Structure formats: structure tokens, C-alpha cells
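Quick note: the coordinates plus some simple rules give every number you see, no bench work behind them. All values reported here derive from a predicted model rather than from experimental measurement. Counting neighbours? That spans all protein chains shown, and the Cβs are built from the backbone with ideal geometry, glycine included.
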Amino acid sequence: MPDLELQGVSPLSFNCEGGLILNRSTFIMQPGQALELENFEPDVGGGYKRMLGFRPFVNQIVPETNNSTEPVLMSTQFNNFVLAARGEKIFSSASSELSAALSASTAMTGSGIISVDSTTGFSSSGTIQINSEIFTYTGVTSTTFTGVTRATSSTTAAAHAVDDVVSETWTARDTGRTNAARYNFERYNFDGNEKIIVVDQVNAPTIFNTSLSATDVSDSSVAGAKHVVVFKNHMFYSGMASTPQEIVFSEPFDEDGFNTGDGAGSIKVDDTIVGLKVFRDNLFIFCENRIFKLGGSSLSDFAIVPVTRNIGCINGFTILEFAGDLVFLGPDGLRTVAGTARIGDVELGTISTNVQQLFRDNLTNAGAFVSLVIPDKTQYRIFFSKDGGSQTSTIGAICVMKGQAFEFSTMKGIRPACADTIVEAGDVRAIHGGFDGYIYRQERGNTFDGSLIKAKYRSPDLSMGDPGVRKHMQRVNINYAPESTIDADLFVRYDYESSQSTRPAAYPLDSTNVAGVYGTSSYGSAVYGGPSQPIVRKAVEGSGFAVALRVEDGADTTAPYTLKGFQLEFQVGARR
């Protein structure tokens with residue numbers, strides 16, 4: 001027999017796709033798009049995924065050199081060392097993760113062993129920190145610290161879990177960097193030896209070898225460089241305060257050779273340079289109001305041509321290679337410089353049109369903005385960090401390439417002062433330096449350094465094709481993919497959230513309220529991290545001419561989950 005209760009019930013089903021939309025009327029938005037999408041990210045696997053958190057990458061604070069308000073000016077990795085700049089100094093440390101848990105009761109008085117993923121980059125003996133406990137050790141193997149004494153320096157023995165961070169005390173590698181500002185850097189190999197060169201907008205460029213011995217570039221013409229890149233085996237410098245429109249390049253294979261007779265030289269453009277980036281066999285020169293590209297391979301044939309004389313970049317630290325394009329922050333939002341199939345043809349495109357309001361509201365004081373990419377998620381993140389702002393109030397945008405389209409969401413609660421992404425043997429490490437002096441790793445843990453991740457999703461106002469007819473809601477079926485237990489709330493709101501409309505209480509969305517799981521797993525149970533995607537059936541109350549769904553969490557620490565789609569079951573009522 002048919003279910004009489006459900007006779008006359010109509011369904012509306014949709015996938016969560018399209019991302020945050022701020023530039024369209026709710027009447028023409030697609031159901032799967034979002035009016036709010038905070039601390040969720042469009043997932044390349046489909047749906048909207050609650051973000052992972054961030055936690056310290058090095059447990060020890062980068063030492064201050066003048067005062068405790070100094071932000072971290074550089075955060076990266078080179079030759080397995082963690083490099084950080086703060087104040088007038090550059091420091092190194094090392095970081096790994098526990099491969100075996102430690103019990104608080106395990107005694108270590110000089111012969112203990114700590115197992116980690118790798119000890120590469122650590123000193124042969126010294127001091128390490130796990131959470132707030134400090135240990136000393138006298139030896140290492142490739143994956144263990146030996147001769148360990150725990151609870152040193154007046155700390156207390158505590159339990160430590162697998163994947164907890166293990167890090168080394170910071171070591172000063174370069175000092176006396178007066179008035180240094182945010183750094184740029186380039187890794188390169190001109191002579192069979194890996195090196196990294198750093199510039200800080202004030203002092204001489206500095207070269208570090210794999211032992212982190214520092215050597216300054218001696219030529220005064222590049223002192224105070226803000227940008228540095230390798231192009232066609234020359235080192236290119238720009239951003240010097242006295243010559244802001246000039247690029248100086250070195251001799252081939254010699255970052256400190258500037259003899260014009262040996263292939264060094266300089267190029268001027270008619271605008272202030274804000275960034276350099278090598279892309280598809282060209283050096284792109286981003287200026288405040290123009291963009292150029294440099295082709296050729298040596299002093300004899302270097303040639304510069306304009307890409308556009310109408311659009312510039314407002315923050316050089318936002319220029320990153322992403323999804324086969326160069327992305328940068330222009331005066332109207334995020335743009336790409338895309339090389340097309342025709343050699344020499346360049347196409348500029350705005351990609352943030354759907355969230356233009358978000359950028360328009362935040363573009364003032366953009367000098368402190370920070371960006372990074374997470375390549376395994378095809379994701380670009382830009383953080384609207386502001387001087388004097390707080391971490392909890394700092395927002396940002398996530399851009400994800402899905403197929404041929406870009407989808408967006410917002411972040412709230414991450415405030416980097418600098419950032420970098422390192423990809424090594426398939427391991428993607430997105431790290432950032434904070435205004436508080438610590439180095440953090442993103443995509444780790446389920447909190448923002450101990451603060452709960454407050455995530456919000458809101459659908460468009462759904463009129464089911466006719467805003468003049470009342471809909472009596474019966475059920476909302478939610479298709480989601482959990483990674484562990486979750487604790488979120490579903491809200492059903494009517495008539496554009498009018499104060500005169502019905503406002504039912506929150507419907508809990510957690511593992512204890514799964515009404516049914518259909519497909520490969522059993523009814524009434526949830527499977528985490530597997531192929532099943534539970535469908536939660538919620539009987540709901542209320543009616544209205546338009547219906548909107550909200551999902552909110554942040555009341556507890558939970559693992560990410562992905563909202564895949566919804567089905568609304570309703571009965572059609574009278575026309576108003």
C-alpha cells in the first residue's frame with residue numbers, strides 16, 4: 001500500500017556545488033550554491049567540506065629580537081630545515097611528528113627513545129619539545145631520538161599522541177638585519193649545490209647554502225631588493241627603494257656577478273614594480289598599474305612587452321601559480337594571467353566575480369594580505385590580514401578550481417603574517433608565520449590552534465519554482481560524508497528569514513541522530529572514512545513561500561565532514 005502520509009509530497013533534490021555566490025539574486029541562484037559558506041571549502045571530490053584546522057609546526061616561539069610584537073616575516077623550509085625571520089634575525093629549526101605515542105608514565109632518564117617520522121634536519125644531540133614538554137637527547141637514528149631525558153627545564157611529563165609535533169630549539173643563522181620587512185626568497189642551483197636567496201626590502205640579499213651558512217650579495221645596486229627570482233639562469237632583483245621601476249639581473253649562473261660584459265644588465269619599466277614571477281618560459285613583471293612580460297634567454301635577446309597597461313597588482317605576495325595559471329590580486333579582485341594555446345597570446349580574466357563584494361569590502365589596506373596554494377586540493381587561499389587586527393576576526397577567501405570553473409568560500413579565524421607551500425615527495429606542507437611569533441602548519445588538526453572552528457553554510461532561498469505558493473515542509477534529507485563523529489545543527493528558515501515567519505528550533509545533525517544510511521552500509525549506522533555517505537532524514541516543521549537551509553557547527557571539536565547534497569520533501573499549499 002502507498003504511504004498515505006506522503007501522498008502529495010513533492011521532492012526537490014540538489015547537490016552542493018557552485019560555491020559562495022554574492023552577486024546574484026536568490027531567485028536565479030542554483031539550489032546547490034551558497035549564500036553563506038564560512039570555514040567550509042568547495043571540495044574537488046564534490047560538496048562543501050568543513051575545513052581542517054592549523055597547529056604549531058614548531059612548538060617553540062621564534063625568538064624576538066627587539067620586542068614581543070614582532071611578526072614572523074618569513075616562514076619556509078629549505079634542506080629539511082624550517083627557516084623563519086623575525087625582527088633583525090633569521091633562524092632555523094626542525095620539525096617532525098611522533099610515529100608512536102608516549103605515555104605520561106613512561107620513564108626517560110637518559111636512555112629513553114622517541115620514535116618520529118624522520119630526524120632529518122635535527123641536530124645530532126640537543127633539545128626538543130612535544131606540546132609543552134621539553135626533552136633532551138644525546139643521539140639520533142633516521143627515525144628515533146636516543147638517550148632521551150624527559151620533563152626537563154621544569155616541564156611536566158605528559159601523554160603525547162601519534163602525529164603530535166616534535167620540534168627543535170631555534171638557532172640564529174643571520175643577524176643584524178636592520179628594519180627588515182616581509183621577505184621574498186628563491187631556491188636555486190647554479191653550481192651543483194642547492195641554495196636559497198632571501199630579500200627583505202632593506203638589507204643586502206643573503207644566500208644560504210645547505211649548511212645554512214650565510215653570504216650577502218655584495219653589489220650595492222640590489223641592496224634593499226623586495227623581489228628575487230631565477231630566470232634563464234640569471235638572478236633577477238627588483239623593488240629597490242631608490243629604483244622602484246628597475247629590474248637588475250646578474251651574470252648567468254652567478255647571483256653576485258654584475259659585470260655587463262659577462263651578461264648582467266638592467267631593465268626599466270614605466271611603473272612601480274610590485275612582483276616578479278616566472279611562468280611558461282616568460283618572466284612576468286607585475287606593477288601597480290601595468291603588467292609586462294620578459295622573453296628571451298640572455299642579455300643579447302631579452303625583450304620586454306606589455307601584457308596590459310590598464311590593470312596592475314595591488315599586492316605582490318598574492319602572485320602564485322595555481323591550477324595552470326598565475327593568480328594575482330588586482331584592483332577588482334582575483335585575476336589570472338593565462339597563456340593560451342597560441343604562443344605569445346595572453347588572456348587576462350577576473351575569476352572572483354561571484355564574490356566581488358567580499359573583495360570590494362576588504363581591499364583597503366591590502367599591503368598585509370597573504371596567500372598560499374594547496375595543490376592537492378587545487379586550492380588558492382588569500383587571507384585579508386590587517387595590521388592591528390585580531391586572529392578571530394580575520395577573514396579570507398578560498399578559491400577552488402573544479403573542472404573549468406572557480407568556486408569560492410570564506411575563512412574566518414586564520415591571520416598569517418607570511419606563508420609558503422612546500423611539496424616534497426608528495427607531502428604538501430602549507431605553513432604560515434603568525435603575528436604572535438609562531439610558525440604554524442595548516443591542514444592539521446580540528447581546531448584553529450585550540451580555538452573551535454565555527455563553520456556556516458546557508459542555501460539560497462528556495463521557492464521551488466513558484467514564490468507565490470506556500471510549501472508545507474515534511475522532511476529534509478541530508479547526504480553527507482563524515483570522517484568521524486560530527487556535531488552540527490540544521491536550521492530550516494522560511495520567507496527570507498522574516499521575523500514574522502516560523503523559526504523552528506535547531507535539528508541536531510550528529511552520529512547519534514542518523515536516521516538511515518542507504519547504499520553499501522547498514523541502516524542505522526554510520527561508516528567513517530569509507531565509501532558510504534549517510535543520508536540523514538529529518539522530519540521538520542513549518543511552512544512558507546520560500547525555504548532556506550542552514551548548517552552550523554563550532555560548539556565542539558569535531559573532524560571535518562562534507563555536505564554532499566539535500567532533498568526537501570514538501571506539500572504544495574495555497575497561493576497567496
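Before moving on, here are some points about what is shown:
- Local net charge near THR210, Cβ-Cβ under 9 Å (Lys/Arg +1, Asp/Glu -1): 0
- Taking ARG280, ARG381, ARG173, ARG575 and counting other C-beta atoms within 10 Å, the order from fewest to most: ARG575, ARG280, ARG173, ARG381
- Spherically averaged projected area of the range 181-312 from its Cα convex hull (nm²): 7.7 nm²
- Candidates SER95, SER124, THR410 compared by Cα position along the dipole of the chain: farthest toward the positive end lies THR410, with charges placed on Cβ.
- Kirkwood-type radius of the chain, with distances r between different C-alpha atoms, in Å: 26.3 Å
- Which listed pairs, of LYS195/LYS402; LYS454/LYS538; LYS89/LYS277; LYS377/LYS454, have C-alpha distances above 30 Å, in listed order: LYS195/LYS402
- Remark on GLN33: its backbone amide H falls under 5 Å from those of GLU17, a criterion applied only to residues 5 or more positions apart or on other chains, H modelled at 1.01 Å from N.
- At R0 = 30 Å, FRET efficiency that the Cβ-Cβ distance of THR120 and ALA158 yields, to 0.05: 0.70
- Going from the residue with the fewest nearby Cβ atoms within 10 Å to the one with the most, GLU288, GLU70 rank GLU288, GLU70.
- Exposure proxy order (Cβ contacts within 10 Å, fewest to most) of GLU255, GLU443: GLU443, GLU255
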